[in-house]
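One structure is given here, and the rest of the page talks about it.
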Amino acid sequence: FGNKNTPKPKDPEPTSEIQSAMDQLDPSLSGADDYKSVGNMCYAYGMFSAALRYYGKCIELEPDNYVHYSNRSAAYVNSILLSGPSLAYRDACKCVELNPSWFKGHLRKADALF
């Protein structure tokens with residue numbers, strides 16, 4: 001079932017705009033919104049592995065922000081990781097736990113399951 005020699009798809013190289021935004025982040029000065037902005041740019045360009053790193057940094061800085069878990073869940077679903085769906089589901093569950101009335105968290109759970 002399938003060719004083991006087929007290379008896995010890789011994230012595209014960052015555009016100059018994305019690379020510039022990445023380079024401007026200063027770990028000692030940048031806040032969660034700065035990392036979220038870069039993560040969103042990476043996600044929009046299909047750079048899901050990079051988006052995961054930036055959304056993860058958002059979660060480190062603001063662990064009670066449900067939107068960050070939702071964003072990382074979406075990136076996991078679209079990533080090439082074999083464990084992506086289960087990790088996406090875990091983040092979606094945390095999102096719903098933090099804000100049960102936010103519909104998007106429930107949508108993320110469904111995305112991870114299907």
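The values are calculated or read from the model by the stated rules, or taken from the named source; none is laboratory data. For clarity, every value in this text was computed on a predicted model and none was experimentally measured. Neighbour counts are summed over all protein chains in view; Cβ atoms, including those assigned to glycine, are modelled from backbone coordinates with ideal geometry. What goes into the accessible areas is simple: the full protein's heavy atoms, side chains included, and nothing from ligands, DNA or RNA. Shrake-Rupley method; radii C 1.70, N 1.55, O 1.52, S 1.80 Å.
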Open item on the list: Against the conditions (1) closer than 20 Å to residue 11 by Cβ; (2) open to solvent by less than 20 Å² (accessible area, probe 1.4 Å), where does residue 72 fall short? Just the number, please.
Closed with: (2)
Open item on the list: Quick check on my filter: what residues within the stretch 90-103 are open to solvent by 80 Å² or more (accessible area, probe 1.4 Å) and part of a helix (DSSP H, G or I)?
Closed with: 90, 97, 103
Task: Single residue of 34, 64 found to be touching a Leu at 6+ places or on another chain (Cβ under 8 Å), in a helix (DSSP H, G or I) and acidic (Asp, Glu) - done: 34
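Considering every residue within the stretch 32-49, establish whether at least one is β-branched (Val, Ile, Thr) and either at pLDDT 95 or above or open to solvent by 20 Å² or more (accessible area, probe 1.4 Å) (or both).
Of all residues in the stretch 32-49, those β-branched (Val, Ile, Thr) come to 38.
If we keep only those that are either at pLDDT 95 or above or open to solvent by 20 Å² or more (accessible area, probe 1.4 Å) (or both) as well, we get none.
Looking through the stretch 32-49, none of the residues is β-branched (Val, Ile, Thr) and either at pLDDT 95 or above or open to solvent by 20 Å² or more (accessible area, probe 1.4 Å) (or both).
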